[in-house]
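One structure is given below, encoded as structure tokens.
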Amino acid sequence: MPLPSLQEQLAALIAAPSVSCTQPALDQSNRAVVEQLAGWLSELGFTCELQEVQPGKFNLLASRGQGSGGLVLAGHTDTVPYNDSLWQSDPLRLTERDGRFYGLGVCDMKGFFPLVIEALQGGLLDQPWRQPLLILATCDEESSMSGARALADSKRSIGRAAVIGEPTGLKPIRLHKGVMMERIDILGQSGHSSNPQLGRSALEAMHEVMGELQGLRRQWQDEFRNAQFSVPQPTLNFGCIHGGDNPNRICGHCTLEFDVRLLPGMASDAIREKIDALITPIASKHQVEIKLTRLIPGVEAFDNMDSELGRLAEVLTGHAPESVAFGTEGPFLQQLGMDTIILGPGSIDQAHQPNEYMSLDQVKPCIGILQSLIKQYCL
């Protein structure tokens, strides 16, 4: 029985909501997506294995061929939350207009999987394979990266080289920043604002904390620099702050959430220890409690500058490998000993926003690149 067309496959994946979010009310399972992929890949002769990482969250490992090396084509099956009122069309329905496919996750990154399947159906399946091909579809990349973390923790050898199909405009990426997302909670004592002695202001303590973090940011930006990035220094962004409830009441509780984008060579654990040591004295000074908490486990920077796969991708795409500021699952696949690059259709500029799209002119070139990679590593 023939598989659905590329466009039909993409429509089916987009129609299966799979939001990954740190807010439980918005978080969804990705089971429908991986089961749909497993069904199609089974029809093509792949052995499919679903691994439940957490309740309702699954990785799919689909393999074809035998051997100790081979190629991994990887991507995540989840999307970020969305506000359908801001879309010009239904975000869960694939729409084609103006030479583009529109839909939630179409470039970030459900669209990669139908292109892989299309590449395989271009005469590759009838040829003898000397090394395996593995299709990896993970969960929760947009929040905790629990799917890739679980795979890395398993220390399972799954391939010699890996391509992660994140949207890069079909340019190979072998360098990106790491990311930490942290929260600082300060618990003081509320009281009547007419007398400061009646309370201990969490907001004033947080003001000092933010000043110290700004100083630390300046220190990092003087100390660390990598000209291969468009933003060559590490960054620290104050994302949101909440505290107090009324102007005539001393603020009893204040929370700050922030992220740090790390350059290669900056270890997240060491950075976190530095932050903790910096803010701890502020607690005793203001007689408040201060707690530093990870919002998500950190993702280390990705650096694969000496890469056989990267050199091949440069030939196939006509683009020298570049760097990006966003994070991927690359560091976790590297931990499994794979030569890893990031390369996929679409642009990160269209991801995580209303009217997400992939240009149709990316489809055929991507299929051609994937076919060349499979021939090189598997046939």
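The values are calculated or read from the model by the stated rules, or taken from the named source; none is laboratory data. What you are looking at is a predicted structure, and each value in this text was computed from that prediction instead of being measured. Positions of Cβ are backbone-derived with ideal geometry, glycine not excepted, and every protein chain shown enters the neighbour counts.
Would you mind finding the one in Val324, Val315 that is of a type in the set (A, V, I, L, M, F, W, C) and without any contact (Cβ under 8 Å) to a residue 24 or more places away in the chain?
On the way: Val324 fails: without any contact (Cβ under 8 Å) to a residue 24 or more places away in the chain.
When all the criteria are applied, what remains is Val315.
Answer yes or no as to whether Ala119 is assigned to a helix (DSSP H, G or I) and either of a type in the set (Ser, Thr, Tyr) or over 24 Å from Phe58 (Cα atoms) (or both). It would help to see each step written out before you state the result.
On the way: assigned to a helix (DSSP H, G or I): yes; either of a type in the set (Ser, Thr, Tyr) or over 24 Å from Phe58 (Cα atoms) (or both): yes.
Taking the combined requirement at face value, the residue satisfies it.
Restricting to segment 208-225, count the residues that are crowded, with 16+ Cβ neighbours inside 10 Å and touching a residue at least 60 places away in the same chain (Cβ under 8 Å).
Looking only at that region, the number is 3.
Taking segment 239-251 as the search range and keeping residues that are at pLDDT 95 or above and touching a strand residue (DSSP E or B) at 6+ places or on another chain (Cβ under 6 Å), which one is surrounded by the fewest Cβ atoms within 10 Å (Cβ to Cβ)?
His242
Would you kindly identify the strands (runs of 3 or more DSSP E) lying entirely within segment 147-199 that contain at least 2 residues that are surrounded by fewer than 20 Cβ atoms within 10 Å (Cβ to Cβ), in contact (Cβ under 8 Å) with a residue 12 or more places away in the chain and assigned by TED's automatic domain parsing to the domain that holds Gln228?
Correct list: 178-187.
So which residues in segment 316-334 are part of a helix (DSSP H, G or I) and either under 22 Å from Pro365 (Cα atoms) or not aromatic (Phe, Trp, Tyr) (or both)?
We begin by selecting, within segment 316-334, every residue part of a helix (DSSP H, G or I); these are 316-317, 330-334.
Those that are part of a helix (DSSP H, G or I) and either under 22 Å from Pro365 (Cα atoms) or not aromatic (Phe, Trp, Tyr) (or both): Leu316, Thr317, Gly330, Pro331, Leu333, Gln334.
Being farther than 30 Å from Pro81 by Cα, modelled with pLDDT of 95 or more and over 24 Å from the mean Cα position of the chain (by Cα), is that true of even one residue in segment 167-186?
Filtering segment 167-186 down to residues farther than 30 Å from Pro81 by Cα leaves none.
No - not one qualifying residue is present in segment 167-186.
Do we have Arg294 as outside any helix (DSSP H, G or I), surrounded by fewer than 16 Cβ atoms within 10 Å (Cβ to Cβ) and either basic (Lys, Arg) or at pLDDT 95 or above (or both) here? Talk me through it step by step, then tell me what you get.
Numbers: outside any helix (DSSP H, G or I): yes; surrounded by fewer than 16 Cβ atoms within 10 Å (Cβ to Cβ): yes; either basic (Lys, Arg) or at pLDDT 95 or above (or both): yes.
The answer is yes for Arg294.
So which residues in segment 62-82 are over 16 Å from Asp27 (Cβ atoms) and either within 15 Å of the chain's Cα centre (by Cα) or modelled with pLDDT under 95 (or both), if there are any at all? I'd like the intermediate steps shown before the answer.
The initial filter retains those residues of segment 62-82 that are over 16 Å from Asp27 (Cβ atoms), namely 62-75.
The answer is Gly65, Gln66, Gly67, Ser68, Gly69, Gly70, Ala74, Gly75.
Scan Gly39, Gly67 and give me the residue that is assigned by TED's automatic domain parsing to the domain that holds Ala12, surrounded by fewer than 22 Cβ atoms within 10 Å (Cβ to Cβ), touching a Pro at 6+ places or on another chain (Cβ under 7 Å) and not in a strand (DSSP E or B). Outline the logic, then answer.
Working: Gly39 fails: touching a Pro at 6+ places or on another chain (Cβ under 7 Å).
Exactly one of Gly39, Gly67 is assigned by TED's automatic domain parsing to the domain that holds Ala12, surrounded by fewer than 22 Cβ atoms within 10 Å (Cβ to Cβ), touching a Pro at 6+ places or on another chain (Cβ under 7 Å) and not in a strand (DSSP E or B), namely Gly67.
Mind checking which residues of segment 26-36 are among the hydrophobic types (A, V, I, L, M, F, W, C), over 15 Å from Leu10 (Cβ atoms) and assigned to a helix (DSSP H, G or I)? Give the derivation first.
We begin by selecting, within segment 26-36, every residue among the hydrophobic types (A, V, I, L, M, F, W, C); these are 26, 32-34.
Those left that are additionally over 15 Å from Leu10 (Cβ atoms): 26, 34.
Scanning segment 26-36 gives a single hit, Val34.
Yes/no per residue for (1) touching a helix residue (DSSP H, G or I) at 6+ places or on another chain (Cβ under 6 Å); (2) of a type in the set (D, E, K, R); (3) under 26 Å from Pro2 (Cβ atoms):
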| residue | (1), (2), (3) |
| --- | --- |
| Asn59 | yes, no, no |
| Ala62 | yes, no, yes |
| Gly75 | yes, no, yes |
| Asn83 | no, no, no |
| Ser89 | no, no, no |
| Phe112 | no, no, yes |
| Gly123 | no, no, yes |
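Listed here are the residues, each with its yes/no results for (1) in contact with a Gly (Cβ under 8 Å, 6 or more places away or on another chain); (2) farther than 28 Å from Gly122 by Cα; (3) at pLDDT below 95; (4) not assigned by TED's automatic domain parsing to the domain that holds Leu10.
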site: Ala320; (1), (2), (3), (4): no, no, yes, no
site: Pro345; (1), (2), (3), (4): yes, no, no, no
site: Ile348; (1), (2), (3), (4): no, no, yes, no
site: Pro354; (1), (2), (3), (4): no, yes, no, no
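Residues of segment 297-308 being touching a helix residue (DSSP H, G or I) at 6+ places or on another chain (Cβ under 8 Å), surrounded by 16 or more Cβ atoms within 10 Å (Cβ to Cβ) and of a type outside the set (S, T, N, Q), which ones? Before the answer, list the steps.
First pass over segment 297-308, keeping only residues touching a helix residue (DSSP H, G or I) at 6+ places or on another chain (Cβ under 8 Å): 297-302, 304.
Keeping just the survivors that are surrounded by 16 or more Cβ atoms within 10 Å (Cβ to Cβ) gives 298-302, 304.
Correct list: Gly298, Val299, Glu300, Ala301, Phe302.
Identify the single condition in (1) at pLDDT 95 or above; (2) in a loop (DSSP other than H, G, I, E, B); (3) more than 19 Å from Gln51 (Cβ to Cβ) that Asp140 does not satisfy, given that it satisfies every other one.
It is condition (3) that Asp140 fails.
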